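The values are calculated or read from the model by the stated rules, or taken from the named source; none is laboratory data. The structure presented is a predicted model; accordingly, all values stated were derived computationally and were not measured. Here the Cβ is made from the backbone with ideal geometry for all residues, glycine too, and neighbour counts use every protein chain on show.
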Amino acid sequence: MSYQITVQPSGRQFTAEVGESLLDAAQRQGLTLPHGCRNGGCGVCKGKVLAGSVDYGRAEAHRLTEDDKAAGFALFCCATARSDLVIESKQMVVADDLPVKTLPARIEKLERLAPDVIELHLRLPASENLKFRAGQYVDILLKDGGRRSFSLANAPDNNALLQLHIRHVPGGVFTGQLFSAMKVRDMLRINGPLGSFYLRQDSPRPIILLAGGTGFAPIKAIVEHAIAQNLARPMTLYWGVKTRADLYMDALPRQWAADYPHIRYIPVLSEPSAADAWSGRTGLVHHAAMADFPDLSAHQVYACGGPAMIDAAKADFTARCALPEEEFFADVFSFAAQ
């Protein structure tokens, strides 16, 4: 048995089998709905069910509250149809032919960017090539069947090595091994490209880039791809961290701003120490963007960071700065359950 799903405002339709998530069903038929973690933890795929009924599945309670359900919302990566549906997704796109692959990858380089951040360089087999969009991510497949998602920090124009920025998570299974035991030439398996967070090149809108911590990784890929493609849209990058030491690649965006007049860079510290001797911007990173751009009605925003940052930025940008909701693109970094 299958159900017909209609997506508004586009009017496109697809079918979903019993027990099949709405996200998987859409992708199986060449349509891409916004998504991130695919396991109910990040909330990027949250959308409204306008008509019909769904099983909410394994959605985490803090990402889909009872109030959300009462208002008609569901997480499309978890929800399955119980009837024909009409759903709302303003950022749905027709999927292209980029194949999702599972590939072996050899650790080529481990570079410590900060005490708790490693840049992992992976080399694919000579016969393989991973095509992806700037901003997308890959999953590292663990031996126990688990997955860990990490954004690609390099642009697709420079994909000889895949670059991942990985922060050590205390108690984390994979990051604990990476920081203590893994070495050059060790083998991993990856699956990708994944995610709907990528640069929309067909828009003329000026761009606000919002990075929190290692959320700088996909933002880096987006900027480097824009430079490689000679895209001259104005881009303003805000990188929010706690202390100066957390700006682990600070020299790079400063160089972009020096070399390209259409790129601006504003680092923001939320908890600067006395030793930082910081005279720059402080506070919440999205507040800095709002102070500089009180009217975002003509902009696009690409934001990557923790759930609290993304939720606050989306709410404030749309409610207080007139950003159209469909022009807010986000990748939420959330830790995998141990």
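Structural remarks
- Criterion (under 27 Å from GLY135 (Cβ atoms), part of a loop (DSSP other than H, G, I, E, B) and modelled with pLDDT of 90 or more) met by exactly one of GLY40, GLY57, GLY19: GLY57
- When SER273 is tested against the conditions (1) closer than 25 Å to SER297 by Cα; (2) surrounded by fewer than 18 Cβ atoms within 10 Å (Cβ to Cβ); (3) modelled with pLDDT under 95, the lone failure is (1).
- Restricting the stretch 67-118 to residues that are in contact with a Ser or Thr (Cβ under 9 Å, 6 or more places away or on another chain) and among the β-branched types (Val, Ile, Thr), the residue that is modelled with the lowest pLDDT: VAL94
- Meets criteria (closer than 20 Å to ASP331 by Cα and either free of Cβ contacts under 8 Å to residues at least 60 places away in the same chain or not assigned by TED's automatic domain parsing to the domain that holds ARG244 (or both)) for ALA153: yes
- Filter result (of a type outside the set (A, V, I, L, M, F, W, C), under 18 Å from THR282 (Cβ atoms) and free of Cβ contacts under 8 Å to residues at least 24 places away in the same chain) within the stretch 228-253: ASP250
- Just one of (1) more than 22 Å from GLN163 (Cα to Cα); (2) in contact with a helix residue (DSSP H, G or I) (Cβ under 9 Å, 6 or more places away or on another chain) fails for TYR302. It is (1).
Here is a yes/no grid of residues against (1) part of a strand (DSSP E or B); (2) free of Cβ contacts under 8 Å to residues at least 24 places away in the same chain; (3) buried (at least 17 other Cβ atoms within 10 Å of the Cβ); (4) not assigned by TED's automatic domain parsing to the domain that holds GLY213:
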| position | (1), (2), (3), (4) |
| --- | --- |
| TRP278 | no, no, no, no |
| HIS286 | no, no, yes, no |
| ALA289 | no, no, yes, no |
| SER297 | no, no, no, no |
| CYS304 | yes, no, yes, no |
| ALA308 | no, yes, no, no |
| ASP311 | no, no, no, no |
| ALA315 | no, yes, no, no |
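- Those strands (runs of 3 or more DSSP E) lying entirely in the stretch 158-248 with at least 1 residues modelled with pLDDT under 95 and on the phi < 0 side of the Ramachandran plot: 187-194
- Taking the listed residues LEU199, LEU237, LEU247, the one that is crowded, with 18+ Cβ neighbours inside 10 Å, not charged (D, E, K, R) and not assigned by TED's automatic domain parsing to the domain that holds PHE293 is LEU199, with no other qualifying.
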